[in-house]
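Below: the structure, in structure tokens.
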Amino acid sequence: MRISSEYPYLKSTDNPSSFFTPLLSAALLCTLLAGCGQSTQTETGEQVSSQVSADAQQPVAKNQTDQKMSAQAPVAQTQYGKVRGFVEDGVSVFKGVRYGADTANTRFQAPQAPESWQGIQDALEYGNSTRQVPTGSGGGLFASWKPTPVPELSEDSLFLNVWTPALRDGKNRPVMVWFHGGGFTSGSGSSLAYDGVRLANRGDVVVVTVNHRLNYFGYLNLAEYGEQFADSGAAGMLDLVASLEWVRDNITEFGGDPDNVLIFGESGGGMKVSTLLAMDKAQGLFHKAVVQSGPALTLSTADESAKAARLVVEALGLNQESINEILTMPAERIEEAARSVAAATKMRIASSPTVDGANIPRHPFAEGAPPQSANVPVLIGTTRTETSLLSGSRNPALFDLTWETLPAALASVAPEVEPQKVIDTYRKLHPDMGAVELYFTATTDRGFLNRSIELADKKGAQPGAPVYFYLLNWDTPVDNGKWFSPHALEIGMVFDNVAKSASMSGLSDDAQRIADLMSESWLAFAKTGNPQHQGLPAWPEFKAETRATMVFDVEPKVVNDPHGQQRKVFLGGEG
């Protein structure tokens, strides 16, 4: 199986931004899971052309153009100009809507508003993705997520996409703004799995997905080189703030309520949501938040990110006097220098935002929940075996583990605990669990689950809005069930896009059952701040005393502190 790189993650015990630190090698930085973010296809197989930005379009097939440019094509008025979309299954769709100016002109600086335009700009195709390591053709679990053609990579990438049941009808629908995965280094909002048609229809909501700066152009901390670089360590997060400001100022035109905005994201997207919860500049721009498999407790410190940036500047042959050359030199040169430094030093370069004291004043959840978002309800959770994808795709030999080889495999990723103690604890609690499943469950419990619970504990202890917790327990039947419940499995369920995520979840009544349960919960949460709906048993708020968790499976149930005994093995408990 080939895995693309939508969710490259980082390994190092000295970088607090990596919440699954011990699980992955630095080689994953640009090699895992990029299938998310690249194509558009209806569930019947009808192709929808992709890649036209607000100011420059490529030709598309005549029949597609005729369909989208019909007299019934919806036209929306944004603060910068009019945009023309198209209708799919009764939903008005606007792709590649510009919310910021070309960042090549504001490299390493805060985003700027785009220039206004005259006439009507077509919003028919996804806009450019931000510059990143090319992710190839994708495939495997992500094959059905990929758009055709793949959007171009460019510094001109501040585009968003909107799906709405109706324009200007005064209904004030909840708005659901999705931030894609890929850590802080890769990915885009242009994926079939993120298509908002079914969610907009199902819940009568407005769905928005966003592209923004990543990696070196989003987070290279050059602040020590002058005031013009003061925002460089947080530029990508400031793009997200700008996208939320666009939503605030324009979403009423698209039938949405700017006073009822939910932000949600998976993996790196969850880390972005975690970070926005701690940003003063984002305060008031959203009202609910969902963190899916991406709890960011800490980010890069100013010292460590400045050290990494200093090495890149030196590799470019620049210094304090010549630093302004970095604003205009070819982007490829910067990328090559950063990659060479990373290869030589084993450091991660611009792999997360910097806590700079201004744009990001604190680590998101290092010292309790952030006060900036005390009144924002949070929904958070994981899949049961996140690492079956993240570790298993990197090292297929893990799927051949035996009871004899399991101890060494566990010791390599969890050196702080005796492997046999882990094995004995899990086998006592789950006597039918095999060696492979035990490895992926245990490593997920150690990283994703424990850190998600830590975030939820801190949020639950904060006076203000509630927190709710979930665990996806359902196993995908794809590849004869070898992946169990992998990282990213829930995305197609949350968007009610089983058909568009068939390579991940398969096509079955059970898969649609999970999608029904999860999408309805996310819609309920967007509307009310409570994920309860009629298809679920009573879902209590999460509190440290009970840690009530909704376990999503064909038959959902609430369990207090699922995996509690076994995950405590990694926290110094007896198990």
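The values are calculated or read from the model by the stated rules, or taken from the named source; none is laboratory data. Everything quoted here is computed from the prediction, not taken from an experiment. Every residue, glycine among them, receives a Cβ derived from its backbone with ideal geometry; neighbour counts consider all protein chains shown. Heads up: the accessible areas ignore ligands, DNA and RNA and are worked out on the full protein's heavy atoms, side chains in. Shrake-Rupley method; radii C 1.70, N 1.55, O 1.52, S 1.80 Å.
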**Condition check for PRO540: under 30 Å from ARG173 (Cα atoms) and of a type outside the set (Gly, Ala, Ser)** = yes
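Find the helices (runs of 4 or more DSSP H) located wholly in the stretch 257-368 whose residues include 3 or more that are charged (D, E, K, R), and list them. Let's see the steps before the verdict.
Details: elements: 268-276, 302-315, 331-345.
Once the helices (runs of 4 or more DSSP H) in the stretch 257-368 are filtered for at least 3 residues that are charged (D, E, K, R), what remains is 302-315, 331-345.
Inside the stretch 402-434, can you point out the residues that are among the hydrophobic types (A, V, I, L, M, F, W, C) and within 29 Å of GLY492 (Cα to Cα)? Spell out how you get there, then give the answer.
Start the filter on the stretch 402-434 by keeping residues that are among the hydrophobic types (A, V, I, L, M, F, W, C), which leaves 403, 406, 408-411, 413-414, 417, 422-423, 429, 433.
Within the stretch 402-434, just MET433 meets the criteria.
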**Prompt:** Is there a residue being closer than 24 Å to GLU520 by Cα and surrounded by 24 or more Cβ atoms within 10 Å (Cβ to Cβ) anywhere in the stretch 217-231?
**Reply:** no
**Prompt:** Out of all the residues in the stretch 370-390, which are under 15 Å from PHE469 (Cβ atoms) and open to solvent by 10 Å² or more (accessible area, probe 1.4 Å)?
**Reply:** PRO377, ARG384
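Quick check on VAL91: is it over 29 Å from ALA235 (Cβ atoms) and either under 21 Å from the mean Cα position of the chain (by Cα) or modelled with pLDDT of 95 or more (or both)?
The answer is yes for VAL91.
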**Asked** Does the stretch 150-160 include one or more residues that are open to solvent by 10 Å² or more (accessible area, probe 1.4 Å) and closer than 17 Å to VAL273 by Cβ?
**Response** no
**Message:** Looking at the structure I just gave you, is ARG394 over 27 Å from ALA548 (Cβ atoms), open to solvent by 10 Å² or more (accessible area, probe 1.4 Å) and touching a Leu at 6+ places or on another chain (Cβ under 7 Å)?
**Reply:** yes
**Request:** Hey, could you check the stretch 551-575 for residues that are open to solvent by 60 Å² or more (accessible area, probe 1.4 Å) and either aliphatic (A, V, I, L, M) or not in a strand (DSSP E or B) (or both) and say which is nearest to THR383 (Cα to Cα)?
**Result:** GLU555
**Asked** Across the stretch 224-257, what is the total count of residues that are over 17 Å from MET279 (Cβ atoms) and not charged (D, E, K, R)?
**Response** 10
**Message:** I need every pair where a residue in the stretch 101-126 that is in contact (Cβ under 8 Å) with a residue 60 or more places away in the chain and more than 24 Å from PRO147 (Cβ to Cβ) has its Cβ under 6 Å from the Cβ of a residue that is open to solvent by 20 Å² or more (accessible area, probe 1.4 Å) and part of a loop (DSSP other than H, G, I, E, B), sequence separation at least 6 or different chains.
**Reply:** GLN109/ASP231; ALA110/ASP231
**Message:** Looking only at helices (runs of 4 or more DSSP H) that lie completely in the stretch 398-514, which have at least 3 residues being within 30 Å of LEU299 (Cα to Cα), open to solvent by less than 40 Å² (accessible area, probe 1.4 Å) and in contact with a strand residue (DSSP E or B) (Cβ under 7 Å, 6 or more places away or on another chain)?
**Reply:** 450-460, 489-494
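In the stretch 71-93, which residues are outside any strand (DSSP E or B) and of a type outside the set (S, T, N, Q)? Steps first, please.
The first filter runs over the stretch 71-93 and keeps only residues outside any strand (DSSP E or B), leaving 71-74, 78-81, 85, 89-90.
Within the stretch 71-93, ALA71, ALA73, PRO74, TYR80, GLY81, GLY85, ASP89, GLY90 meet the criteria.
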**Request:** Look through the stretch 96-129, keep the residues that are under 25 Å from the mean Cα position of the chain (by Cα) and charged (D, E, K, R), and return whichever of them is most open to solvent (accessible area, probe 1.4 Å).
**Result:** ASP102
**Request:** For residues that are open to solvent by 50 Å² or more (accessible area, probe 1.4 Å), in contact (Cβ under 8 Å) with a residue 40 or more places away in the chain and either assigned to a helix (DSSP H, G or I) or β-branched (Val, Ile, Thr) (or both), tally how many sit in the stretch 521-550.
**Result:** 1
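Taking the condition open to solvent by less than 10 Å² (accessible area, probe 1.4 Å), part of a helix (DSSP H, G or I) and at pLDDT 95 or above, does ILE251 pass?
On the way: open to solvent by less than 10 Å² (accessible area, probe 1.4 Å): yes; part of a helix (DSSP H, G or I): yes; at pLDDT 95 or above: yes.
It is true that ILE251 is open to solvent by less than 10 Å² (accessible area, probe 1.4 Å), part of a helix (DSSP H, G or I) and at pLDDT 95 or above.
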